[in-house]
Every structure is written in C-alpha cells, then in structure tokens.
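What follows is one structure encoded as structure tokens, with my remarks underneath.
Derivation of every value follows stated rules applied to the coordinates shown; laboratory data play no part. Predicted model only: the values in this text are computed from it and were never measured. Quick reminder, even Gly has a Cβ in these numbers, built from the backbone with ideal geometry, and neighbours come from all protein chains shown.
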Amino acid sequence: MLILKNIYKVAVSTALAVSVLGMASCNDMLDIAPSGQFGDDQLNDNSIDGLMASAYAGLEAHFFGNNEAFSGPITNWVFDVRSDDAYKGGGGVSMEGYIHQLEISNLTNDNAVNLNKWRNNYYAIARVHQAMNAINGSSLTDKTPLIAELKLLRAYFYFDLIRVFERIPYLTENSVATEVRYDEFSREQIYGFIKDDLKFAWENLPESQADAGRFNRYVAAALMAKVSAQTSSWSDVVTYADYVINSHKYELYDNFCDMSKVEFNNKKESIMAIQFSTANNNSHVNFCNLLNTTYSEGNLFGSGDDFFLASQNLVNAFRTDENGLPYLDGTFNDVKVTSDYEGNVDPRLDFTVGRIGFPFRGHTYNEKWCRAYDVYGEYSGKKGLIDPSSSDMVQGFPWGASPLNFCLIRYADILLLKAEAEIELGTNLSDARELINSVRRKAARSIDAGYSPVELDPTRASYFVAEYPEQGWTQDYARKAVRMERRLELAMEGQRWFDLQRWGNTVEVMNSYFESEANVRSYLSGANMTADELFLAIPQEEVINSGGLYE
C-alpha cells in the first residue's frame, strides 16, 4: 500500500512544518513548503493554528493538481453527473472521458475518479490524524475542543468515502496504515464510528468560534442529521435538526441569489462552509469547480470550460401547475421546458441554470455561452459563479474563480431533512408541510425584478411557486413532495446522487432517465445501470499496492 504510506509521510511533514508558522495567516501557512519537524513540547496555543489550518486544508482537495480536485470531498459535482440532474459537459464526451464513463454508468476500477476521491480523502484524514497525535502529545492547556474539531473533520471525510465506496479501510490516529484491511469493518460499523466522532464533537465543541469557517457545535449537529438520514435513523435526524433550528442562529436567505454572493459568506443559511480566498495568487479558490464555468460571450467569466450542465430532466422538474405546485404524479418530464415554454416554472430554475435568452448574472445567456451546444445544449450552472462585474472575481485563470464559499450544509437542507424525517416517522405531517413551505416561500419572494444582479425575466417566463395546502397532505404525497423539494432547492450542489442512494430507488430512476434523456442527448443511448453499480470500486492502483489488503 505504497500510496497510503506516502500520503501519511507527506502529511506528517506538511502538517508539522506549517504549524511552526502559527502567527501567519491561514492562507500563507498553506503555501509554505515542508521544511522539517519539531517536538511535541514546541506546540503551544499560538503555533497550533497552523496545524489546524493544515487539517482543514484537506477540504480544498488540491493536493496533487487541478484535475484531481474534481473528485474532492466537497462539491461532488461528478456525482451529480452520475445522477439524473446533470451532464458532464465540456468540449465533448471524450474530454475528461473518465467522468463521461461515470455518466453512462460504465464503471471500472481504473477510473481516475476512483483514485482521486480515495487519495483526496485519505490524505486529508492523514493530516487530521497527525494533528490529533501532535495535540494529544503536547502540553496544550485545553485539548478537548481541538480534538472535537478534528474528529468532526474526520467524520466528514469518512462520510464522503462510505457513500462512494462500498467497503473502505477505517484508520484511526493510532492505526498502522499498512496493516488495515478494506473489509475489517462493515458499513454499519463505519457509520457507527462516524456517529461516535460527531457525538463527541457535538458534546465538546463551542457554540461559536472566533475564526470564520471553524466548525462549531451546530456544524456537528447538522452533519449528524445528514449522516442519520443516510442510515434512516429518523428520530436522530429530528433530534439534531431541532438543535440547529431551535438555536435561531440560522435563517433562510431573503433571496435565492444570496447564496451566490460573497457578502453572504458565513451568513444566513451557511452552516458548514468551505472558506475560499483569492489571496496568494489564487491558490485557495475552489479548484473542485475549476471546469464548471460557462464559456460566456465576451469572456465575462474568462475562457470557461462549460462542464457540469443541468440535464433536460432536471430543468423539466421545475415546471409548476396552475396551483404553483410541482408535478408529483410523474408527469413533470412529459413536457420539455425550452426557451419558448409558456407554462409556469419555479423561479429557482433561473437561479440555478442559464437558459438561452434569459439573464445570467445581469447579462444575456445565448448559444455562444455554450461550449458544445450540439452535444450538451444549454443550461450552464450558475450557483458557483458570482456577478462578473464584481471586483471579487478573478480576471483570467482560474476561470470564474472568487472568494465565494462552498456550503456543504445549508439551513434549507436541514429544514428539508427534518421534514423528511417527520414524514418517514409519520408523526408530524403538519410540521413537515410547514418546513417545506418555508423553503418554498423563499423561492416565491425571490421573484423580484429589482434584485441585483438580474437573474429572472418575468416578461418571458411565468414564475409561479406556491405553498402546499393541508388538503390531500397524506404521508405518501408528502414523501413525494419533500423528495422533489430537495431536488429543486439543492439542484447542482452535489446532493442528488446521495439522496437517490439513500431512498433506494437509484436504479429505477436512472434507467428511466437514460431511456427518456436519450431522445435529447444521443450519447446516452444504450446507457443503463444495474444494482451492483451503485458504488465505485476500490482503485486498481490501491489494490495493486496494498499487498493483498484490498480486493
């Protein structure tokens, strides 16, 4: 297992080297090359900041180069491409073809996504463990909150892994990496370890941190709600979601576009967010989303690569009926939403993707914004891009980059998870309806032509989104409603594949999608998915280097 051994060695020297520089800024520290190690007695309350920054840097997933970051542990856009929400995009199916293979469910163990997802997370875990060991062996006065913070980070990285790979080796800070088998622990046991870490974090983290982006007790609770939903532990979802909701520290955005504004970093809906910066030659921007910038006529966002486009299926899902409600009877995809579509649509559609002739950050999106219109059509993603007239946006490479945070957990996500839990428990359908409606009210109030930058065009589209009435709100109907609401609200945020996975209907949904979408995108013709293709294989390179520990 040479790769994992080397990751541990690199992480040890890197983490200890940057911890020497505790008085510098976090971004400066992460740019310093490893230069040596020092003893535990040299760690103190000042130098520990660098060690913690190094552990957090695992979330950037920019260890090995730009392409490797696409499979990092945060945006997970390549897994939205595995779902019915998105196309790979780019110049054609052969460009970054390994992602195209995921898109058509042609899975092999030598796919670059397998290896890069594996390496990014285990490298990050190694940094976390090095920090844990350094802190535990030090004379620091208050170790517990720091260890809690690191356990939360470890929980997140393992959560990312266990949702992607069916079996993984689980290492602690005391493990010898070359002795741990991939099948030593079951999936249930690993989820148990993740929850143990999160419970420890929830019990020992402060409610707030002095530094923006540092994880607090509410982050632990929110992540526990998400992990509990993945394991159908619905009572726990309610418990931990309530802890976040009842704190009254978070609220829904006033306007849906606020999530794409730098001035709202760490505000309103932002619970768990990755901090990005354009300082230090743009070395800490969101490289995970590097490819996903529209071409943009006039190079408004630079020479974007136009990867990660919404599917026609997703766009059609934003249709609303005469009552302003989604089509939950399965007919949403019967009508294609095109630029000349005259029916009602949820306004979140035009906050999420570009449509020909419609506003895109105050400009008009047209075919020249689409890199391979004949292959992938329109629908470039919007959420990760800020107003191009802003001084915060990088001019040139990396295309469209900015200090915009990436929210791993938004408040709307937690509201909808609690609603889903109450629906599955069948105990409080009325409260679930109100939670869903609160999210829909945000969408409704976002229909404001005076909001800047302009994203909607009420002269061309009929925007109509309304609340669910009490009448007809059965458990079965409510389940369909919350699942659709998650798709609409969280579209293009790396959530859809994992939602389908936990709902247990991935194969059914995807094969229906392949069949219908092939009429729109010919390259999907013949694609299909089987039940044994839900998880990625352990990377071939890791199997070869493991000396028999992995299969």
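Kindly give Rg over Rh for segment 173-245, based on alpha-carbon atoms, with the Kirkwood expression for the hydrodynamic radius. Before the final figure, lay out the partial values.
Details: Rg = 14.5 Å, Rh = 13.6 Å.
Answer for segment 173-245: 1.06.
Work out Dmax and Rg for segment 233-322 from the C-alpha atoms and quote the Rg first, both in angstrom.
Over segment 233-322's Cα set, Rg and Dmax evaluate to 18.0, 52 Å.
Report the convex hull volume per residue for segment 333-406, counting only C-alpha atoms, in Å³.
Details: hull volume 9.4 nm³, N = 74.
In segment 333-406, the Cα convex hull volume per residue is 127 Å³.
What are the ³J(HN,Hα) couplings of segment 187-194, residue after residue, when phi is run through the Karplus curve with 6.51, -1.76, 1.60 and θ = phi - 60°? Round to Hz, x for glycine and proline.
Karplus-based 3J(HN,Hα) across segment 187-194 equals 4, 4, 5, 5, 4, x, 4, 4 Hz.
Which of the peptides 509-520, 193-204 is most tightly packed, and how do the rest follow, going by the mean number of other Cβ atoms within 10 Å of each residue? Mind showing how you got there, number by number?
Values: 509-520: 16.7, 193-204: 19.8.
Descending packing order for the listed peptides: 193-204, 509-520.
In segment 344-388, whose amide N lies under 20 Å from the spot 7 Å out along Cα-to-Cβ of GLU322? List them in ranges.
344-346
Please list, in order, the residues from segment 256-288 whose amide nitrogen is less than 12 Å from a point placed 7 Å along the Cα→Cβ vector of ASP142.
Output list for this probe position: empty.
Mind checking which lysines have their Cα closer than 28 Å to the Cα of LYS383? Skip sequence neighbours fewer than 8 apart in that chain.
LYS88, LYS117, LYS226, LYS249, LYS261, LYS267, LYS268, LYS336, LYS368, LYS418, LYS442, LYS480
Would you please report the Å³ per residue occupied by the convex hull of the alpha carbon atoms in the chain? Walk me through the numbers on the way to the answer.
Details: hull volume 74.7 nm³, N = 551.
Normalising the Cα hull of the chain by residue number yields 136 Å³.
With just the Cα atoms of segment 439-510, tell me how far they stretch along each of the three principal axes, in Å, largest first.
Projected onto its principal axes, the Cα set of segment 439-510 covers 42, 33, 19 Å.
With N residues in segment 97-223, what two-decimal value do you get for its Cα radius of gyration over 2.2 N^0.38 Å?
Details: Rg = 16.3 Å, N = 127, 2.2 N^0.38 = 13.9 Å.
In units of the 2.2 N^0.38 Å rule of thumb, it is 1.18.
How would you rank 388-397, 68-77, highest first, on the average number of other Cβ atoms within 10 Å across their residues? Please list the in-between numbers first.
Details: 388-397: 14.0, 68-77: 24.8.
Per-residue Cβ counts within 10 Å, averaged per peptide and sorted highest first, yield 68-77, 388-397.
What FRET efficiency do you get for ILE544 and SER512 if R0 is 41 Å and r is their Cβ-Cβ distance, rounded to the nearest 0.05?
Values: r = 37 Å, r/R0 = 0.91.
The computed FRET efficiency comes out at 0.65.
For segment 271-276, take each phi angle, set θ = phi - 60°, evaluate the Karplus expression 6.51 cos²θ - 1.76 cosθ + 1.60, and give the result in whole Hz per residue in order, putting x for glycine and proline.
My calculation for segment 271-276 gives 9, 10, 10, 8, 8, 10 Hz in order.
I'd like the FRET efficiency for GLU179 and SER430, computed as 1/(1 + (r/R0)^6) with the beta carbon distance as r and R0 of 56 Å, rounded to 0.05.
On the way: r = 53 Å, r/R0 = 0.95.
Given R0 = 56 Å and the Cβ-Cβ separation, E is 0.60.
Using modelled amide H (1.01 Å from N, peptide plane; none on Pro or chain starts), what sits under 5 Å from the amide H of ARG371, excluding residues fewer than 5 places away?
TYR295
Which of the peptides 447-458, 260-271 is most tightly packed, and how do the rest follow, going by the mean number of other Cβ atoms within 10 Å of each residue? Write out the running numbers ahead of the final one.
Details: 447-458: 15.5, 260-271: 17.6.
Per-residue Cβ counts within 10 Å, averaged per peptide and sorted highest first, yield 260-271, 447-458.
Return the FRET efficiency for the residue pair THR172, THR459: r is the Cβ-Cβ distance, R0 is 45 Å, and the value is rounded to the nearest 0.05. Please report the intermediate quantities before stating the final value.
Details: r = 59 Å, r/R0 = 1.32.
Step by step, r from the Cβ atoms, then E = 0.15.
Would you please give the residues with an amide H less than 5 Å from that of SER277, counting only those at least 5 places away or on a separate chain, with H modeled from the backbone geometry?
Close amide H contacts, sequence-distant or interchain: HIS284, VAL285.
What residues qualify as long-range amide H neighbours of TYR87, i.e. H under 5 Å apart, gap of 5 or more or another chain, H built at 1.01 Å from N?
Correct list: LEU309, ALA310, SER311.
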